[in-house]
1. Can you pull out the residues in region 249-283 that are within 16 Å of GLU232 (Cα to Cα) and either over 22 Å from the mean Cα position of the chain (by Cα) or surrounded by fewer than 20 Cβ atoms within 10 Å (Cβ to Cβ) (or both)?
2. State which residue pairs qualify: first residue closer than 17 Å to MET188 by Cβ and inside region 201-226, second residue among the charged types (D, E, K, R) and in a helix (DSSP H, G or I) in any location, beta carbons under 6 Å apart, and separation of 6 or more residues or different chains.
3. Tell me, which strands (runs of 3 or more DSSP E) wholly within region 1-79 include 1 or more residues that are over 24 Å from the mean Cα position of the chain (by Cα) and surrounded by 13 or more Cβ atoms within 10 Å (Cβ to Cβ)?
4. Would you pick out the residues in region 86-101 that are surrounded by fewer than 24 Cβ atoms within 10 Å (Cβ to Cβ) and of a type in the set (Val, Ile, Thr)?
Amino acid sequence: MSRHEVVVELGERSYPVIVGRGVSGEVERFIPATARRAVIVTQEGLPTIDLRAFPHTTLRIGRGEEHKTLATIEDLCRGFAAFGLTRNDVVVAVGGGMVTDVAGFAASTWHRGTAVVHVATSLLGMVDAAIGGKTGVNIPEGKNLVGAFWQPNAVLCDLDHLDSLPPSEIRCGLGEVAKYHFISGRDMLAMDLDERVATCARIKARIVSEDEREGGARALLNYGHTLAHAIETVGRHSVAHGEAVAMGLVFAARLAHRLGRIDSNRVQQHHEVVGQVYGLAERPTNSLDVDELLVAMTRDKKATSGLTFVLDSVRGLEVVPDIDPAIVSSVLTEYLAS
């Protein structure tokens, strides 16, 4: 496999996303020259990295969305304090999207901003979560409602880590890959693994470079996420994020059709891409309350003006605010019952 380097262009804060086998061994290249110590944030059972002679300690957070909380941020920050981490030092996140979200948020708050390097070990982290500087944690009212934009010094996507991932973790990543399928119009599964990951990274890097703080084009990266986050919250995270995104893509297509934005053939294409091409579930199998899902969707980060979705159209994806809740409820009821 080839080694790919994608740059997120943000002026003086630009950084590389490196995709390839064995690239986690390059982490020391991206530690700031000012750093005298590092804290590795990871989870039990994940691959380790070798910082050799560089003074460091390792802090492990719990597995599962129930640990993606402000309490975990406090635990990490107290660990930073105990180790004597300064603003000039570095946090190294080693793990999937949850680890990079949590470690990145902790780094953004420590001394009001400490450098972070992400070593992504999951497919979801490599193609989406670790790139772009969005960090955050959950509260009972919703997913990722508390967080910050904090760009890393680098993102290292070591494909060696994917070899041992269970099928459930691969499915989770494929939900985000399917999203890029619709954003780009390209069949990602037809590519070799390295090119697939690098292509997703290029798409996200280009959009983040244009719109770092989600004021415009970056919102399109949330395609499928409005319902996905609601499914995760209402279902108490019984559905993994990427799989929920896949379901959200199908629902968004059905909602777009009801609003006259796309025809039935385009809706069927969503079903086929999610269900047949990527082999993902097209709807939840557990019982979810429509009213609870609607409440959760009104709290979505994009919902600055009523119920807001990224929806398909003949012009491509667009952010559509102020959608009539009665229409959303009707489509959602049909979708869950079908």
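1. The answer is ALA281, GLU282, ARG283.
2. Listed pairs, sorted by first residue: ILE207/ARG218; TYR223/LYS179; GLY224/LYS179.
3. 38-43, 56-61
4. THR86
Readers should treat all values here as calculations from the given coordinates under stated rules, not as data from a laboratory. All figures in this text were calculated on a predicted structure; none of them were measured in a lab. Backbone-built Cβ (ideal geometry, glycine too); neighbour counts: all protein chains shown.
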